[in-house]
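Asks: Sharing a structure, written as structure tokens. Questions coming.
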Amino acid sequence: MVYLIDASVYVFRAWHSMPTDIIDRKGNSTHAVYGFARVLADLLERRKPQYVAVAFDESHGSSFRHRLYPAYKANRDEAPVALKRQFALCREFCRHLGIAEFASEEYEADDLIGTLAQVCRAQGLRVTVVSRDKDLAQLVGPGDVFWDYSDAAEYRYEEIAQRFGALPERMADYLALRGDSVDNVPGVPGVGPKTAAALMTLFGSLDELFEGLELVADMPLRGAATLAERLLKNRAAAYQARALTRIACDVPMSTARADLLRREPDLDRIGAFCDCQGFGMLLRRQAERLLAARA
């Protein structure tokens, strides 16, 4: 089993929830780094994974999705400089802890995780996606796990539809129909989560849906009589949305299974890092236990 961790979820959570009086020697806040580092170290202590990787977002408006649709994520404020600085420190901590970390200006963390999942499956590993982002549910295959670490909730392939609204292989199409306000992806007007879920239960994809539009009028849905017309009118928009919601699993990466093997934590560097960032002894003690467990 390989654990593929969506870093942004846990960095942002720490940024908003941890006390801001954790500061480095120069007075810069490091509370998001500390919160993320605790999550990562706790996960390693609990599960003791042999293979693990952390993916970070560094596209910041430059990903291929922004070229396809310039308004993609335009509803979000730019991350403060202080937060960007802490993201870089989170990547540094991963390296000190012996964990592979990945980022790209062209692709988002979701795409990196999707590609790593493909690589690992091809080399005989099952996948645990560690996140709470519904988009990543589309990566879960038979034998895989979607782990919402913050809520201590785990979902297997057959449980994804009940939790998120559609089977993993239909998730991108489902999100394209209903839209995704978090990422500023418009859906088909008048199609909400329940209608999109019903459509993706009857049809396996957008292609099947538009080939069988004559069946839509007979579905037990409110407004079914005019739904087919609305879908046809917004066909191009639906396909454009799917280009945004579908995770790219073919990112050019020269990464093999062996690259995701956990390495021994570097206690000297972790100690120096904790001193510099204003952290106490807890993370150092965790690193010592992780090293002892490997021995």
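The values are calculated or read from the model by the stated rules, or taken from the named source; none is laboratory data. Source: prediction; values computed, not measured. Ideal geometry is used to build each Cβ from the backbone, glycine not excepted, and the neighbour counts take in all protein chains shown. SASA here: full protein model, heavy atoms, side chains in, ligands and nucleic acids out. Shrake-Rupley method; radii C 1.70, N 1.55, O 1.52, S 1.80 Å.
Asks: Residue under question is Q138, and the condition is that it be surrounded by fewer than 21 Cβ atoms within 10 Å (Cβ to Cβ), under 16 Å from the mean Cα position of the chain (by Cα), part of a helix (DSSP H, G or I) and modelled with pLDDT of 95 or more; does it hold?
Replies: Taking the combined requirement at face value, the residue does not satisfy it.
Asks: Please specify each residue of the stretch 189-225 satisfying the condition of being open to solvent by less than 70 Å² (accessible area, probe 1.4 Å), of a type in the set (S, T, Y) and part of a helix (DSSP H, G or I).
Replies: Selection gives T195 alone.
Asks: Can you pull out the residues in the stretch 67-100 that are in a helix (DSSP H, G or I), out of contact with any Asp or Glu (no Cβ under 7 Å at 6 or more places or on another chain) and either at pLDDT below 95 or open to solvent by 70 Å² or more (accessible area, probe 1.4 Å) (or both)?
Replies: Once the filter is applied, which keeps residues that are in a helix (DSSP H, G or I), out of contact with any Asp or Glu (no Cβ under 7 Å at 6 or more places or on another chain) and either at pLDDT below 95 or open to solvent by 70 Å² or more (accessible area, probe 1.4 Å) (or both), the stretch 67-100 yields R67, L68, V81, A82, L83, K84, R85.
Asks: Moving on. Can you go through R289, R285, R257 and tell me which one is modelled with pLDDT under 95 and of a type outside the set (G, A, S)? It would help to see each step written out before you state the result.
Replies: Working: R289 fails: modelled with pLDDT under 95; R285 fails: modelled with pLDDT under 95.
From the options R289, R285, R257, the qualifying one is R257.
Asks: Could you list, ordered by first residue, the pairs with Cβ atoms under 6 Å in which the first is in the stretch 116-129 and assigned to a loop (DSSP other than H, G, I, E, B) and the second is surrounded by fewer than 17 Cβ atoms within 10 Å (Cβ to Cβ), at least 6 apart or interchain?
Replies: What qualifies is Q123/R257; R126/M1; R126/G143.
Asks: Continuing with this model, one more query. Mind listing whichever residues of the stretch 165-180 are touching a residue at least 24 places away in the same chain (Cβ under 8 Å), within 17 Å of L244 (Cβ to Cβ) and part of a helix (DSSP H, G or I)?
Replies: Once the filter is applied, which keeps residues that are touching a residue at least 24 places away in the same chain (Cβ under 8 Å), within 17 Å of L244 (Cβ to Cβ) and part of a helix (DSSP H, G or I), the stretch 165-180 yields R170, M171, A172, D173, Y174, L175, A176, L177.
Asks: While we're looking at this one, here's another question. Being farther than 14 Å from G280 by Cα, without any contact (Cβ under 8 Å) to a residue 60 or more places away in the chain, among the small types (G, A, S) and not in a loop (DSSP other than H, G, I, E, B) is the filter here, so list the residues in the stretch 16-48 that pass it.
Replies: S17, S29, A32, listed by residue number.
Asks: Also, I was wondering about something else. Would you be able to tell me the number of residues in the stretch 236-274 that are touching a Phe, Trp or Tyr at 6+ places or on another chain (Cβ under 8 Å), closer than 30 Å to G187 by Cα, open to solvent by 20 Å² or more (accessible area, probe 1.4 Å) and not in a helix (DSSP H, G or I)?
Replies: Result for the stretch 236-274: 0.
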